[in-house]
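What follows is a set of notes on a single structure, which appears directly below.
The values are calculated or read from the model by the stated rules, or taken from the named source; none is laboratory data. What you are looking at is a predicted structure, and each value in this text was computed from that prediction instead of being measured. Neighbour counts are summed over all protein chains in view; Cβ atoms, including those assigned to glycine, are modelled from backbone coordinates with ideal geometry. Note: areas computed on protein heavy atoms with side chains; ligands, DNA, RNA excluded. Shrake-Rupley method; radii C 1.70, N 1.55, O 1.52, S 1.80 Å.
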Amino acid sequence: MSHLESLIREFGISSKQLANYLSVDCSLVSKWKSGKRKISSEYGNRIAELFLKLDAKNSYGRVNKICGFDVSRDQTFQEQIQKLEYWILSSSPAGGNHSLEQYLPAGTESGNFYAFYGEEGKRTAVNIFLEYILNCEEKTTLWLYGREDNKWFDDEDFIKSWQKKNIQIVRNKHNINVIHPIDRRLRQVANSLFCWLPIHLVGDARAYYIPQYLTPDIKETIFLAEDKVVIIGISSDRYTKKSVTYLTANKAVLQNCSAILQDIFSTSHNLFEHMGFEQDGKFFTQFRKVIADNRKVFYFSGAPILYMLSLEMLEKLLTVNDLTEEMQRKCRIVIGQTSEEALNSVEEKPLITYVIQTGQLRELLRMDSVMMRFLSHCVGFPVYAPRELFRDMMRMAAEKFLVSDGFEILLTDRTLIHSYEKVALCVKEKNMACIVGTQHHTEEGACALVTTEDFTISALYHSCQQFVESHSPQQREKAAVYKELLRLIEEST
């Protein structure tokens, strides 16, 4: 019995009723129930939303009973939908078969190779590839290498669906190895990285780059799920006809693509160093570069804290956290070099621009306890600020901002990074970039990425700068920002 059929039986819904709700043919629902056809992510999302709404008054008790996991009210409704959607999509087809053909669009001609045309065709091929992997029970390694232009990636709805599927793939314990081309335009490199960052932060998704800068006439794409399926695309800037993307599970082709990718990856370098709450000081060593010289810094996070607070204020964190003497000692070493006093001791101070998404700031101000993410990674263990202390920190930061020339704050309702609320970014011009994915309220995803690769830093810095400059000067005017910060703080009390 498929997962969808289990839900339908539990709630007593007929196939016709579900078909009418989704505006699809009743025969399609029957094929979904039997496992003869795979449910697309679009319909999976709507089906999950339907059953959650039907079970809301019951606190999701019936859904939890059928699924065997907890859909909690502590999660947002979108998170609940996503969790149930993946459960619905993960049901095995009838008879236990798992073939590539079941994921192909209706009417696709059978054969060893399947061809998809143009940018929409490439998106279709990638979706089939990801859907197939999502339903592989055994651990699978994906090798992704693409040098073609990324016009097929210029679709906001597709990006959201693509990102969600890749995050679930790594959460399902599959591995992803991806080479990020860094010989493109700065904007292209940054846009690709912003889409990938949340994926690199949640599981075993490793980023690589090739140090040589190449501009070949023939450009190729190879997305390989080892021993299972591969996408192949070949194009040229000189060839103007509609591009073709091939999808195949042919064993000989899989073996040849594997050999090619092994050779390509053998010449690549790690793009990011992955760090958790390791107590080896590596993250702190990199983060100290923020005030190493007077180059500018962009700091995308939930609140303007570090380097705007006095040592005395930061010391208060020690008294409200249950820390051993050794942990307190480590904290004092770190806060002594991330405080206002530490910044003032630097002869040529950098200008630090804090970019604060107002929706995220409101959420932080409502939390009972806020994890200080960058500080936690610096010391090697989580450090929290209770609500009142966090508000006091914000008030002090606002006061320092008003009288200091070393800080700039942009309050904005726009975002730069997909899944922005779960990602913090610090970029120092020509120096380093740190990305933190740790949650503010929990240690989930306690991961940080650090890169010192020159072109990647330039791409991220350039995008940060363009984002800030796309706002009017009035939105960064000190008195107005100060007044709005205080209003947001008081609004939360």
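Taking every C-alpha pair closer than 8 Å and separated by at least 6 residues, the mean separation divided by the residue count of region 123-189 gives a relative contact order of 45 percent. A simple charge model with +1 on the Cβ of Lys and Arg, -1 on the Cβ of Asp and Glu and nothing else charged puts the dipole of the chain at about 1040 debye relative to its Cα centre. Here, region 105-196 has an Rg and a Dmax of 14.2, 41 Å when only alpha carbons are counted. Every Cα-Cα pair of region 143-197 was included, and the share exceeding 14 Å stands at 59 percent.
Per q in 0.20, 0.26 1/Å, what log10 I(q)/I(0) does a Debye calculation on the alpha-carbon atoms of region 387-464 return? The Cα Debye sum returns log10 ratios of -1.16, -1.19. Projecting the Cα atoms of Ala424, Cys26, Thr456 onto the charge dipole of the chain, computed from C-beta unit charges around the Cα centre, puts Cys26 farthest toward the positive end. When you filter the trypsin sites (Lys or Arg not before Pro) in region 394-493 for DSSP loop state and at most 16 other Cβ atoms inside 10 Å of their Cβ, you are left with Arg414, Lys430.
For region 326-416, the alpha carbon convex hull comes to 117 Å³ per residue, rounded to a whole number. A Förster radius of 30 Å combined with the Cβ-Cβ distance from Glu477 to Lys151 puts the calculated FRET efficiency at roughly 0.20.
Please compute the Cα-Cα pair-distance distribution of the chain with 10 Å bins starting at 0, giving whole percents from short to long. Computed distribution, short to long bins: 4, 17, 26, 23, 18, 10, 2, 0. Between exposed chymotrypsin sites (Phe, Trp or Tyr not before Pro) in the chain, where DSSP calls loop and at most 13 other Cβ atoms lie within 10 Å, what's the longest gap? That gives 240-493 as the longest site-free run. Taking amide H as placed 1.01 Å from N in the peptide plane, the amide H of Ile182 sits under 5 Å from that of Ile210, each at least 5 places away or on another chain.
Taking Cβ atoms as reference points and 10 Å as the exclusive limit, the residues near Glu340 contribute a net charge of -1, counting Lys and Arg as +1 and Asp and Glu as -1. Counting protein heavy atoms only, the chain has 47 percent of its accessible area on carbon and sulfur, 1.4 angstrom probe.
Taking amide H positions as modeled 1.01 Å from N, with prolines and chain starts lacking one, the residues under 5 Å from Ile176 and 5 or more places away or on another chain are Leu142, Ala205, Arg206. Each residue of region 236-335 gets 291 Å³ once the volume of the Cα convex hull is shared out per residue. Shown for region 320-474 is the translational diffusion coefficient from the Stokes-Einstein equation, using the Kirkwood radius over Cα pairs, a temperature of 25 °C and a viscosity of 0.890 mPa s: 144 µm²/s.
Relative contact order of the chain: 13 percent, from C-alpha pairs under 8 Å at least 6 residues apart in sequence.
Remark: the Asn250-Glu79 segment gains 57.9 nm on full extension, using 0.36 nm per residue and subtracting the alpha carbon distance.
In region 149-264, Rg over Rh equals 0.94, where Rg is the alpha-carbon radius of gyration and Rh the Kirkwood radius from pairwise Cα distances.
In this rough spin-label picture, where each label sits 7 Å from Cα along the Cβ direction, the Thr493-Arg62 distance is 4.7 nm. Computed over all pairs of different Cα atoms, the Kirkwood value for the hydrodynamic radius of region 175-324 is 19.8 Å. Could you check how many percent of all C-alpha pairs in region 429-479 are farther apart than 19 Å? Everything past 19 Å amounts to 50 percent. Kirkwood hydrodynamic radius computed over region 346-389 comes to 12.5 Å, based on all pairs of distinct alpha carbons.
Show log10 I(q)/I(0) for region 364-422 at q = 0.15, 0.29 Å⁻¹, two decimals, from a solvent-free Debye sum over equal Cα scatterers. Here log10 of I(q) over I(0) equals -0.63, -1.09. In region 328-437, what GluC sites (Glu not before Pro) fall in a loop by DSSP, with at most 15 other Cβ atoms inside 10 Å? Within region 328-437, the qualifying GluC sites (Glu not before Pro) (loop, at most 15 other Cβ atoms within 10 Å) are Glu347, Glu348.
Compactness of region 292-337, taken as the C-alpha radius of gyration over 2.2 N^0.38 Å, stands at 1.37.
Between Asp392 and Ala115, the C-beta separation translates, for a Förster distance of 56 Å, into a calculated FRET efficiency of about 0.35.
With a cut-off of 20 Å on the backbone N, the residues of region 216-234 near the modelled label site 7 Å out from Glu137 along Cα-Cβ are 226-229. The residues of region 126-226 expose on average 40 square angstrom of accessible surface per residue, using a 1.4 Å probe on protein heavy atoms.
Surface exposure of region 263-410, expressed per residue as accessible area with a 1.4 Å probe, stands at 41 Å².
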